[in-house]
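Visitor: Take this structure, written in structure tokens, and hold onto it; I'll ask about it next.
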Amino acid sequence: MKKKIVYVAQSAGGVAQYLYMLLNNMQQEKYENILIISEDYKEQIERFKKIVNQIYIVPMIREISPKKDLKAILKIKKLLKQIKPDIVYLHSSKAGAIGRIALLFNKKVKILYNAHGWYFNAKIGEKKKKLFIIIEKILALKTNKIINISKNEYDSAIQYKIAKPRKMCIIENGIDFVEFQDVHKNRQKIRKKYHIEEDQTVIGVVGRLAEQKDPITSIKAFRLVHEQNQKTKFMFIGSGELEKKILEYARQNEIQNDMIITGWTKEVQKYIPALDIAILPSKWEGFGLVLIEYMACDKPIIASKVGGIANIIKDGENGYLIDIEDVETLANKINFLINNKEKQNYFIENNKKSRKKYDIKNVVNQHLKLIEENLNE
């Protein structure tokens, strides 16, 4: 009989992509993979149906809501009692909390937890930070293994004494490089779609237009770049709650015709090739998976030195690192790369050497080993 593994996730976005790649490469003949996901996954149900045995939708929201959270906990508890899984693998902070509370009195099920970036490292108030640290410490008692997506995340968990080292491990993120094979073809297609001329330099970022990804710093830096380099465009690959603010800033500074917002897409591999310089000026980041996607498309990178980013990008070796919200330095680095093809190629060649370790196959193999260890305990 196949062992049952239930994956629980509330957050979509990068977590959804992580889950898809992981499950798409898992041994389906050995495990029965079951998904319990939030309504945020509605548009992705069909693609997940092809790679898992069963899917359940449970209303879960990102914000804290005692009433809605209790309903989600009771629903998941009921589902898990019905499914009788061998392992429950929880993804992101909210699903991690709801799932572990639902399993509070279940001693048979092994629990794995991946925060995908500790929320207490986000830009939040000191009181809120202390509260989330306490919550993570308490829930860690009801966890068999905590997976950290970068060394930085692991070090942070150790620093705040979330759990003992023996209860934690590091499995860095990865991507399916097969999806990034048609780089040249996709570059021409996307640039034609947005009427980008061959001699125009496109600077871009993949991510939600939300505080974490700091699109305000991106567009302010582009304004400075555009003053010196008229043959430039900026591309936001994504959408989000700050979109209106970005559009208003662009209009006020008369750069709206040189800015592109693609909207939500599940196929970033088709858009990244259109870029010439890729940036990620996040205010916080557990890992920064898109950096590996940039590497796969041979793009020179500029990113903020926060969280797991510093584990991937070494300043001056395979990209540039800047301080958060440092508009001027970001603009200066972009301008330097625009005028220095030799440095661009230096970064690209160094990333070609290091990116192989981020292959999704390595992520899957480490997960398979972890799953087997927990099943055999």
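Visitor: Using a 10 Å cut-off on Cβ atoms, rank the peptides 271-284, 82-95 from the highest mean neighbour count down.
Guide: 271-284, 82-95
Visitor: Turning to a different aspect of this structure: Please list the non-local residues whose amide H lies under 5 Å from the amide H of ILE170, H modeled 1.01 Å from N, same-chain partners needing a gap of 5 or more.
Guide: Under 5 Å from the amide H of ILE170 lie the amide H atoms of ASN148, each far enough along the sequence or on another chain.
Visitor: OK, next. In nm, what is the difference between 0.36 nm times the number of residues separating ASN374 and LYS352 and their Cα-Cα distance?
Guide: 4.5 nm
Visitor: When a/c reaches 1.5 or more, the comparison of a/b and b/c decides; with that in mind, is the range 177-357 rounded, prolate or oblate per its Cα gyration tensor?
Guide: rounded
Visitor: Follow-up. Note down the nm distance, to one decimal, between modelled labels 7 Å out along Cα→Cβ at LEU104 and at GLU46.
Guide: For LEU104 paired with GLU46, the spin-label model returns 4.1 nm.
Visitor: With each run of n ≥ 4 DSSP H residues scored as -39500 (n - 2.57), what mean residue ellipticity at 222 nm is computed for the chain after dividing by its residue count and rounding to the nearest 500 deg cm²/dmol?
Guide: That comes out to -13000 deg cm²/dmol.
Visitor: Here is a further query. Please compute the contact order of the chain in relative form: average sequence separation of alpha-carbon pairs under 8 Å and at least six residues apart, divided by the residue count, as a percent.
Guide: 15
Visitor: Still on this structure, I have one more. Please report the spacing between the Cα centers of the range 229-291 and the range 6-46 in Å, no decimals.
Guide: After rounding, the separation between the Cα centres reads 27 Å.
Visitor: Kindly rank 150-159, 302-311 from highest to lowest mean number of other beta carbons found within 10 Å of each residue.
Guide: Result, highest mean Cβ count within 10 Å first: 302-311, 150-159.
Visitor: Rounded, prolate or oblate: which fits the range 104-171, taking a ≥ b ≥ c as square roots of the Cα gyration tensor eigenvalues, rounded meaning a/c under 1.5, else prolate when a/b beats b/c?
Guide: Oblate is the answer for the range 104-171, as a/c is 1.5 or above yet b/c matches or exceeds a/b.
Visitor: Relative contact order for the range 177-357 using alpha-carbon pairs under 8 Å, separation at least 6, rounded to a whole percent?
Guide: It comes to 24 percent, rounded to a whole number.
Visitor: Can you give the extra length, in nm with one decimal, that the chain gains between ASN345 and GLU198 once fully stretched, where that is 0.36 nm per residue apart less the Cα-Cα distance?
Guide: 51.1 nm
Visitor: Next up: What is the Rg over Rh value, at two decimals, for the chain, using alpha-carbon atoms and the Kirkwood definition of Rh?
Guide: Ratio value, two decimals: 0.98.
Every number in this text was worked out from the coordinates using simple rules, so none of it is lab data. Here the structure is a predicted model, which means the values were calculated and not measured. Ideal geometry is used to build each Cβ from the backbone, glycine not excepted, and the neighbour counts take in all protein chains shown.
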